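No lab work stands behind these numbers, since they all come straight from the coordinates. Just so it is clear, the model here is predicted, and its values are computed rather than measured. Positions of Cβ are generated from backbone atoms using ideal geometry, with glycine treated the same way; all protein chains shown enter the neighbour counts.
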Ligand code: NAD
Ligand code: LMR
């Protein structure tokens with residue numbers, strides 16, 4: 001094990017997602033089986049969460065993970081992000097029943113102003129940041145805006161959970177294994193307006209629409225069901241998704257650090273591709289070209305009128321969220 005340890009800062013370390021996520025990072029599932037990690041954990045400076053974070057760290061110690069080089073526990077983002085190679089921004093308020101993720105904008109947005117500045121001032125050159133805390137597309141924009149030292153491309157937000165949800169729902173409808181689903185990506189916002197592009201996706205190499213011929217199901221049941229799956233989990237569990245969110249973040253970062261031709265969904269800084277407004281963070285198809293570096297995939301995702309209309313709607317929402325937080329953008 002000769003690799004230099006990676007410094008990975010994780011916020012919200014005592015939260016639900018943190019509890020599912022941290023052991024998997026320490027076990028090597030995110031950065032690989034030969035990559036040691038130093039975990040730099042952040043919680044709010046309040047006794048309860050600080051104590052709970054200590055408990056999580058005790059459990060990580062008790063796992064005796066060979067790849068866990070060391071851990072540090074923090075209540076100050078400046079220290080937590082010190083020399084970090086990766087900042088995983090999970091810590092923020094989840095929504096409760098009856099709320100939309102955008103209802104969290106003002107409260108959670110403020111967190112990302114401070115954390116964006118702290119990343120700018122303390123993280124390693126070349127640091128990558130992935131945002132999970134909702135509404136994640138707009139929170140990542142706020143953080144990136146505060147971190148002028150680092151390129152906007154180094155900041156991403158997670159829509160992989162939506163891609164995974166969509167894949168399972170198509171597989172279950174077609175009665176096949178999820179591994180049969182290909183070329184499936186999410187466009188736009190991590191919100192009910194997201195567009196799970198079934199029209200370009202495949203099942204067993206055939207277009208989805210050849211295998212699932214019930215167009216009404218695809219448009220009127222599948223799309224809303226993927227878009228509102230987060231609310232359905234909150235309704236069922238009384239708490240927002242955690243194990244599946246942690247799993248999606250493992251997928252997000254692992255695929256973003258593993259160069260390949262595999263296409264995956266990430267919310268990235270828009271350069272206008274697919275008609276998204278420049279400067280919003282929109283989910284779209286990318287492939288990883290070098291560890292932590294991606295390019296937008298254009299081929300294989302042509303949009304007909306239906307797809308363009310859906311992308312237009314989710315883009316409008318992203319633009320309107322940007323207007324709502326304009327005072328948080330420097
Ligand atoms: P949680 O309430 O269980 O845990 C959040 C933790 O973050 C808490 O321990 C809290 O003390 C901490 N925290 C709050 N503000 C912080 C700050 N400024 N710095 C550091 N820590 C802070 O919530 P959870 O279920 O773990 O969810 C966390 C976030 O992830 C929520 O915003 C939720 O909506 C979001 N989420 C996003 C996705 C996605 O697909 N993008 C999926 C699931 C959840
Ligand atoms: C999810 O999609 O499960 C999360 O974003 C949590 C939520 O509020 O829906």
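Tabulated data for the structure shown
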quantity	calculated
Fewest-first sequence of 217, 86, 281 by Cβ atoms within 10 Å of each Cβ	217, 86, 281
Within segment 222-262, backbone nitrogen closer than 17 Å to the virtual label 7 Å beyond the Cα of residue 295 toward Cβ	256-262
Order of 155, 65 - criterion: other Cβ atoms within 10 Å of each residue's Cβ, fewest first	65, 155
Gain upon complete extension [residue 168, residue 78; 0.36 nm per residue less C-alpha separation]	28.5 nm
Sequence of 251, 103, 61 once ranked by neighbouring C-beta atoms within 10 Å, starting from the fewest	61, 103, 251
Debye-sum result for segment 6-157 in log10 I(q)/I(0), which assumes one identical scatterer on each alpha carbon, at q = 0.09, 0.16, 0.19 Å⁻¹	-0.26, -0.83, -1.15
Residue 62/residue 330 FRET efficiency (R0 51 Å; Cβ-Cβ; nearest 0.05)	0.75
Mean Cα-pair separation over length for the chain, i.e. relative contact order, pairs under 8 Å, 6 or more apart, %	17 percent
Descending semi-axes in Å of segment 160-324, equivalent ellipsoid built from Cα gyration tensor	22, 19, 18
Two-site FRET efficiency, residue 243 against residue 93, from Cβ-Cβ distance with R₀ of 25 Å, rounded to 0.05	0.85
Acute angle (nearest 10 degrees) that the helix 243-256 long axis makes with the longest principal axis of the chain, alpha-carbon atoms	90 degrees
Degrees, to the nearest 10: 105-122 long Cα axis against longest axis of the chain	50 degrees
Contour minus Cα-Cα distance for residue 278 and residue 221 (0.36 nm per residue)	17.4 nm
On Cα atoms only, tilt of 16-26 relative to the major axis of the chain in degrees	80 degrees
CD proxy at 222 nm, helix term only [per DSSP H run n ≥ 4: -39500 (n - 2.57); per residue of the chain; nearest 500]	-12000 deg cm²/dmol
Between segment 3-64 and segment 175-210, the alpha-carbon center distance in angstrom	32 Å
Alpha-carbon gyration tensor eigenvalues x 5, square-rooted, for the chain, Å	31, 22, 19
Potential extension, residue 153-residue 316 segment - 0.36 nm per residue separation minus Cα distance	56.5 nm
For segment 8-77, radius of gyration divided by Kirkwood radius, i.e. Rg to Rh on alpha-carbons	0.95
R0 of 35 Å, Cβ-Cβ distance residue 33-residue 54: FRET efficiency to nearest 0.05	0.80
Equivalent ellipsoid dimensions for segment 235-330 as semi-axes, Å, which come from the Cα gyration tensor, largest first	22, 21, 16
